[in-house]
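Engineer: Take a look at this one; I'll ask things after.
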Amino acid sequence: MDVCLMPISAYFFRPVHLAPEDALQASEDLGCKTFIPWGYGTFILGHEHVHEPLRRLAEAQRRLQPSFAIQVLKMGGSWSWDKESGPQAVK
């Protein structure tokens, strides 16, 4: 897979959402080339602090050392994929 979009918040509700570590492992299992996390810092759906998902993601990245790129978008940011030139951050 070229791009994997994975939720990384509200992981208290495990059957529906993924913890950051689980999202990285799922992306590794799927053979992703680029991982984009989503669902963090927008709504209070879980019991974690609003900044905890990205902190846990950074720690999991250091510990697991995934074989793919991680692209964290800023709030309202976007990202595009061009087959010829590869990934491009738009905002």
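Engineer: With respect to D82, is the statement that it is more than 12 Å from the chain's Cα centre (by Cα) and touching a residue at least 40 places away in the same chain (Cβ under 8 Å) true? Explain how you work it out, then say what you get.
Structural biologist: Details: more than 12 Å from the chain's Cα centre (by Cα): yes; touching a residue at least 40 places away in the same chain (Cβ under 8 Å): no.
So D82 fails the test.
Engineer: Any chance region 70-77 includes a residue that's within 15 Å of D2 (Cα to Cα), modelled with pLDDT of 90 or more and under 12 Å from the mean Cα position of the chain (by Cα)? It would help to see each step written out before you state the result.
Structural biologist: Step one: of region 70-77, the residues within 15 Å of D2 (Cα to Cα) are 70-71.
Checking which are modelled with pLDDT of 90 or more leaves us with 70-71.
Checking which are under 12 Å from the mean Cα position of the chain (by Cα) leaves us with 70-71.
Yes, because at least one residue in region 70-77 is within 15 Å of D2 (Cα to Cα), modelled with pLDDT of 90 or more and under 12 Å from the mean Cα position of the chain (by Cα).
Engineer: With respect to V90, determine if the residue is at pLDDT 85 or above and β-branched (V, I, T). Don't jump to the end; show me each part of the working.
Structural biologist: Working: at pLDDT 85 or above: no; β-branched (V, I, T): yes.
Answer is no for this residue.
Engineer: Would you confirm whether or not region 60-70 contains a residue that is among the polar types (S, T, N, Q) and touching a Gly at 6+ places or on another chain (Cβ under 7 Å)?
Structural biologist: Going through region 60-70, the residues among the polar types (S, T, N, Q) turn out to be 61, 65, 67.
With the extra rule that they be touching a Gly at 6+ places or on another chain (Cβ under 7 Å), the set shrinks to none.
No, there is no match, as no residue in region 60-70 is among the polar types (S, T, N, Q) and touching a Gly at 6+ places or on another chain (Cβ under 7 Å).
Engineer: Say we look at region 28-59 and pick out the residues that are in a strand (DSSP E or B) and not polar (S, T, N, Q); which of these is surrounded by the most Cβ atoms within 10 Å (Cβ to Cβ)? Reasoning before the result, please.
Structural biologist: First, the residues of region 28-59 that are in a strand (DSSP E or B): 34-38.
Add one more test, that the residue is not polar (S, T, N, Q), and what stays is 35-38.
On the way: F35: 25, I36: 17, P37: 23, W38: 14.
Among them, the one singled out is F35.
Engineer: I'm trying to understand the selection: among the residues of region 1-27, which are assigned to a strand (DSSP E or B) and within 9 Å of the chain's Cα centre (by Cα)? Before the answer, list the steps.
Structural biologist: So the first thing to find is which residues in region 1-27 are assigned to a strand (DSSP E or B), and the list is 3-7.
Matches in region 1-27: C4, L5, M6, P7.
The values are calculated or read from the model by the stated rules, or taken from the named source; none is laboratory data. This structure is a prediction, so every number in the text was calculated from the model and none was measured. Here Cβ is always computed from backbone atoms with ideal geometry, including for glycine, and neighbour counts include all displayed protein chains.
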